[in-house]
Amino acid sequence: MHTKIFASALVAALLAGAAVAADKPVAVVNGVAIPQAQMDFILKQLAERGAKDSPELRAKIRDDMITKEVIAQEAAKKGLSKDADVQVEAAMAQQNVLLKAFVQNFQKTNPIAEETLKAEYERIKAEAASRKEYSVRHILVKTEAEANAVIAELKKGKKFADLAKAKSQDPGSKDNGGLYDKVQQGQFVPEFDEAMRKLAKGQVTQTPVKTQYGFHVIKLEDVRAAQGPSFDEVKAGLQQQAQGQALDKLIADLRAKAKVE
């Protein structure tokens with residue numbers, strides 16, 4: 001009987017000790033305690049950015065917190081906490097924290113159903129399928145004479161990719177043999193875009209195409225219905241977009257109900 005009472009008392013004492021340890025402040029600066037909760041909050045934020053918890057990290061955070069507390073106490077002694085601008089900024093900071101918490105809570109408690117996301121994906125996919133997707137090579141040179149010389153070399157059997165690597169002035173495609181893959185209408189300047197769309201698969205422009213960048217020789221490698229990304233690739237973006245729209249509607253409803261004078 002006494003043994004059981006002693007054991008129960010020991011467990012209670014250990015639990016009480018653990019609670020005290022958990023509530024123990026990070027530091028006490030001039031009689032003001034820095035709560036452990038602040039340390040935990042900073043660690044959580046750093047962990048979300050990929051930082052790993054360690055004694056060294058905790059020591060650095062503690063040191064920073066002490067420095068900030070010392071400065072804050074000195075600012076309060078100088079009466080800065082009563083400054084009108086400081087009070088306005090503090091109130092705005094508190095409001096921003098609440099706004100952030102509101103948005104995070106809404107996102108957590110209002111997930112969008114998988115079926116809704118898939119339906120939106122299918123709508124976008126069907127819309128994309130109505131557009132064409134191009135694989136196109138080009139060689140960019142400064143003068144029309146240079147472009148005509150390139151066309152002449154192609155007619156003699158030179159490979160387009162080799163000439164692009166040797167002569168093209170476009171750093172974005174030169175090393176890849178002049179290739180731009182999976183592009184859609186409107187992604188290039190109008191003159192280039194129009195010339196590209198007039199070509200048949202495998203065909204090369206027989207006259208130079210002038211744009212603001214110089215003179216182009218263009219070859220259409222392939223044209224097909226636009227494929228677009230998979231559902232898994234865009235799911236997170238669709239979720240964020242749908243939640244954003246739902247949040248906008250909620251905010252509009254709250255504003256409509258608010259009494260503004």
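The values are calculated or read from the model by the stated rules, or taken from the named source; none is laboratory data. All figures in this text were calculated on a predicted structure; none of them were measured in a lab. Here the Cβ positions follow ideal geometry from the backbone for every residue, glycine too, while neighbour counts run over all protein chains shown.
With respect to Leu238, determine if the residue is over 30 Å from Glu120 (Cβ atoms), among the aliphatic types (A, V, I, L, M) and buried (at least 17 other Cβ atoms within 10 Å of the Cβ). It is false that Leu238 is over 30 Å from Glu120 (Cβ atoms), among the aliphatic types (A, V, I, L, M) and buried (at least 17 other Cβ atoms within 10 Å of the Cβ). Listed by first and then second residue, the pairs linking a residue in the range 244-261 that is among the basic types (Lys, Arg) to a residue that is modelled with pLDDT under 95 and exposed (fewer than 10 other Cβ atoms within 10 Å of the Cβ), with Cβ atoms under 9 Å apart and 6 or more places separating them unless they lie on different chains, form an empty list.
Residue-level check: of (1) over 16 Å from Thr205 (Cα atoms); (2) assigned to a helix (DSSP H, G or I), Asn148 misses just (1). Among the residues of the range 30-49, is any loosely packed, with under 11 Cβ neighbours inside 10 Å, outside any helix (DSSP H, G or I), under 29 Å from the mean Cα position of the chain (by Cα) and small (Gly, Ala, Ser)? No, the range 30-49 has no match at all. Residue count for the range 170-185, restricted to those that are surrounded by 15 or more Cβ atoms within 10 Å (Cβ to Cβ) and at positive phi: 2.
Taking the range 157-261 and the strands (runs of 3 or more DSSP E) fully enclosed by it, the elements with 2 or more residues that are more than 26 Å from the chain's Cα centre (by Cα) and modelled with pLDDT of 95 or more are at 209-211, 214-225.
Table: residues versus (1) in contact with a Lys or Arg (Cβ under 8 Å, 6 or more places away or on another chain); (2) surrounded by 16 or more Cβ atoms within 10 Å (Cβ to Cβ).
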residue	(1), (2)
Thr143	no, no
Glu153	no, yes
Ser168	yes, yes
Gln187	no, no
Val217	no, yes
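Is one or more of the residues making up the range 214-230 touching an Asp or Glu at 6+ places or on another chain (Cβ under 9 Å), closer than 30 Å to Glu153 by Cα and among the acidic types (Asp, Glu)? Within the range 214-230 (the criterion being touching an Asp or Glu at 6+ places or on another chain (Cβ under 9 Å), closer than 30 Å to Glu153 by Cα and among the acidic types (Asp, Glu)), the answer is yes, since at least one residue qualifies. Consider the range 92-119 and keep the residues that are small (Gly, Ala, Ser) and either surrounded by 10 or more Cβ atoms within 10 Å (Cβ to Cβ) or closer than 18 Å to Phe41 by Cβ (or both). The one that is nearest to the chain's Cα centre (by Cα) is Ala101.
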